[in-house]
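Beneath this line is the structure, given in C-alpha cells, with notes to follow.
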Amino acid sequence: MRRHAAAVAVVLAAATAGCGDQGAEPPATSAVPTTTVRATQSGWAAKADAVCVGYQARIDALPPPTTQAEAVTLLRKTVLLAGDELRALEDLAPAPAERELVAGFLRRLRLVVAATDRLAKAAAAADEAGQTAALSEGESAAAEAQTLADALGLTACGAPTG
C-alpha cells in the first residue's frame with residue numbers, strides 16, 4: 001500500500017501543473033474540442049508557459065516521497081502550488097479567439113488539482129480505492145488538458161515532466 005501511494009503521488013504530481021502524458025489519448029466520451037496544434041505561440045500561450053515553467057520548477061524541487069506520510073505531504077504541497085499556478089494562469093487575458101480553448105484548458109486543470117486533493121485525502125486515509133479513483137480522474141483530466149494545451153500552442157504547460 002505504501003508503494004501504491006508513493007507511485008500515485010509521483011504520477012499525479014507530474015500531471016498537476018498541467019503537464020499531462022503526451023502519449024495519452026483523451027477518453028472517447030471527452031468533451032474536448034477537436035483542434036489542431038498551432039504552428040506559432042500566441043501571447044497568452046507564451047505568458048502561460050512562463051508561469052508553468054516557474055511553478056513546475058517549484059514542484060520538481062519537492063523531494064520525492066519514500067513513505068506514505070511523505071507521499072501525502074508531496075500531494076498537499078503540490079495541490080497548493082498547482083492552485084497558485086492555476087490562479088496565475090486565470091489572471092492572464094487570452095485573445096478573444098482563444099477564450100473558449102483557454103477556458104476549457106483551465107477547467108481541466110481545476111479538475112486535475114481537485115483530483116490531486118482527493119488523492120492526498122485518500123492517501124492520508126490509506127484508502128486505496130479512493131486513491132485509484134482520484135488517480136484515474138486526474139489522469140483523464142490531464143489528458144484532456146494536454147489536448148487543449150497542444151491546440152493553444154503551449155510548450156511548457158503541456159510538456160510531460162519526469
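Only the coordinates and a few stated rules stand behind these numbers; no lab work does. All of these numbers come straight from a predicted model, not from anything done at the bench. Neighbour counts are summed over all protein chains in view; Cβ atoms, including those assigned to glycine, are modelled from backbone coordinates with ideal geometry.
In this label model, THR66 and ALA133 are separated by 3.3 nm, measuring between points 7 Å along each Cα→Cβ vector. About its Cα centre, the stretch 52-147 has a charge dipole of approximately 160 debye under the convention of +1 per Lys or Arg Cβ and -1 per Asp or Glu Cβ, with nothing else charged. Here the stretch 84-128 is assigned +1 on the Cβ of each Lys and Arg and -1 on the Cβ of each Asp and Glu. Its dipole about the Cα centre then comes out at about 140 debye.
Magnitude of the charge dipole for the stretch 49-98, about its Cα centre and with charges confined to Cβ atoms of Lys, Arg (+1) and Asp, Glu (-1), is about 260 debye. In loop segments of the stretch 81-124 as defined by DSSP, there are no GluC sites (Glu not before Pro) with at most 14 further C-beta atoms inside 10 Å of their C-beta.
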